[in-house]
1. Which numbered condition in (1) surrounded by 10 or more Cβ atoms within 10 Å (Cβ to Cβ); (2) over 24 Å from Asn164 (Cβ atoms); (3) not hydrophobic (A, V, I, L, M, F, W, C) is the only one that Ser3 fails?
2. Those residues that are among the acidic types (Asp, Glu) and not assigned by TED's automatic domain parsing to the domain that holds Val255, I need them from region 26-68; list them, please.
3. Part of a helix (DSSP H, G or I), modelled with pLDDT under 95 and not hydrophobic (A, V, I, L, M, F, W, C): which single residue out of Arg246, Arg279 fits that description?
4. Please verify whether Val174 is surrounded by fewer than 21 Cβ atoms within 10 Å (Cβ to Cβ), under 20 Å from Ser200 (Cα atoms) and β-branched (Val, Ile, Thr), treating the condition exactly as stated.
5. Can you pull out the residues in region 321-355 that are crowded, with 22+ Cβ neighbours inside 10 Å and hydroxyl-bearing (Ser, Thr, Tyr)?
6. Out of curiosity, is Leu208 more than 30 Å from Val51 (Cβ to Cβ) and either assigned by TED's automatic domain parsing to the domain that holds Ser125 or without any contact (Cβ under 8 Å) to a residue 12 or more places away in the chain (or both)?
7. Kindly list the number of the only condition in (1) of a type outside the set (Lys, Arg); (2) more than 21 Å from the chain's Cα centre (by Cα); (3) more than 27 Å from Val216 (Cβ to Cβ) that fails for Leu82.
Amino acid sequence: MPSYATRPEVQRLQPYVPGKPIAEVQREYGITEVVKLASNENPLGPSPLAVEALRAGAPQSHLYPEASAPVLRRTLGAQVGLPEDWIMVGNGSDELLRLLAASYFRKGDRVVVPGCTFPNYRAVSELFGAAVTEVPLAAETMDLEAMAAHAPGARLIFLCRPNNPTGAVFPETVFRHFMAAVPEETLVLIDEAYHEFDESEFDSIGLLRQHPNLIVTRTFSKAYGLAGLRIGYSMGRPEIWKPCFRVREPFSVNVAAQGAALAALNDEAHLQATVANNRVGKAFLAALCEELGLAYIPSQANFMLIDLGRPAGPVFDAMLRQGVIVRPMGGAGRPNSIRVTVGSPRELERFATALRSALA
């Protein structure tokens, strides 16, 4: 078979490695009951209203969805207090990152990303030929002062709040100083995938109104439990999104995802139950770490980064054999750490038992 030449940007990309699937662990270890705490999924599952919307919408699956998701955009706009045309819905927030890169990045453009964060910021930048400047974290979150120093001449700065995988946040006061130092021609994107779990003060919607170069992305994958349907949204000035509508796939957000997201927005009780479970679960994990003498980072997300004080690989493997999946963080430069999703009380008890056994 002939060898086909690929773009050098593609050859240099490192594929994203997702959390180990439940079915794979069941096959590999012959285990029936497996607890997955690796991908920050909602342990309560989707809203019952979303499930009902999926059933009700199934007979219409032969029809294409409305390409721009106007009803969902209008509903989101009313909820956050922004005009409909400030919002763009995508096939997960990953698609929105790629649309921005496809619309704005030229070969050789400079993009600024934080160290130890969601790897797709770097991947999507390099795919479209941008040169990436990586700025190390400070206090486990973005070093905004250092990132602002790299802003002149940059096309876009990626931020993550709360940061994945550390769960830490930067204060609004520090961010306001940062935005004052960033040139208006440099776009700034805040990824708020874990926004619903964040109990710190940060008015991203108010900041959007003040700064024309600011973009905020959110998702239905985490708190709303719709990870399998792939749907997220971004907010920003309409002028930012116009070119993105030109390059996007015409029907990238399927009809089932749009209907389920609309229903999920109407189920405040399910969202609050999710947030409450997360608060209790984080307290459980903190207490467990203190019992075992393990360092951890206080988190504003639905996961916790735990330093095991030893290489995480053998501990990860030992927990797998017990049917508990967590995320080893060697790929993020933390070879002694694991990231643990806040699961249900029963799942966290399983995790605690497996961790004690693995450490012993």
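1. Among (1) surrounded by 10 or more Cβ atoms within 10 Å (Cβ to Cβ); (2) over 24 Å from Asn164 (Cβ atoms); (3) not hydrophobic (A, V, I, L, M, F, W, C), the lone unmet condition for Ser3 is (1).
2. Restricting attention to region 26-68, the residues satisfying the condition of being among the acidic types (Asp, Glu) are 28, 33, 41, 52, 66.
Of everything in region 26-68, those that are among the acidic types (Asp, Glu) and not assigned by TED's automatic domain parsing to the domain that holds Val255 turn out to be Glu28, Glu33, Glu41.
3. Of Arg246, Arg279, the one residue that is part of a helix (DSSP H, G or I), modelled with pLDDT under 95 and not hydrophobic (A, V, I, L, M, F, W, C) is Arg246.
4. yes
5. Ser337, Thr341
6. Here the answer is yes, as Leu208 does meet what is asked.
7. Against the list (1) of a type outside the set (Lys, Arg); (2) more than 21 Å from the chain's Cα centre (by Cα); (3) more than 27 Å from Val216 (Cβ to Cβ), Leu82 comes up short only on (3).
Yes/no per residue for (1) touching a strand residue (DSSP E or B) at 6+ places or on another chain (Cβ under 9 Å); (2) in contact (Cβ under 8 Å) with a residue 40 or more places away in the chain; (3) among the small types (Gly, Ala, Ser):
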{"position": "Val253", "(1), (2), (3)": "yes, yes, no"}
{"position": "Ala256", "(1), (2), (3)": "no, yes, yes"}
{"position": "Ser299", "(1), (2), (3)": "yes, yes, yes"}
{"position": "Ala352", "(1), (2), (3)": "no, yes, yes"}
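The values are calculated or read from the model by the stated rules, or taken from the named source; none is laboratory data. For clarity, every value in this text was computed on a predicted model and none was experimentally measured. Cβ: placed from backbone, ideal geometry, glycine included. Neighbour counts: every protein chain shown.
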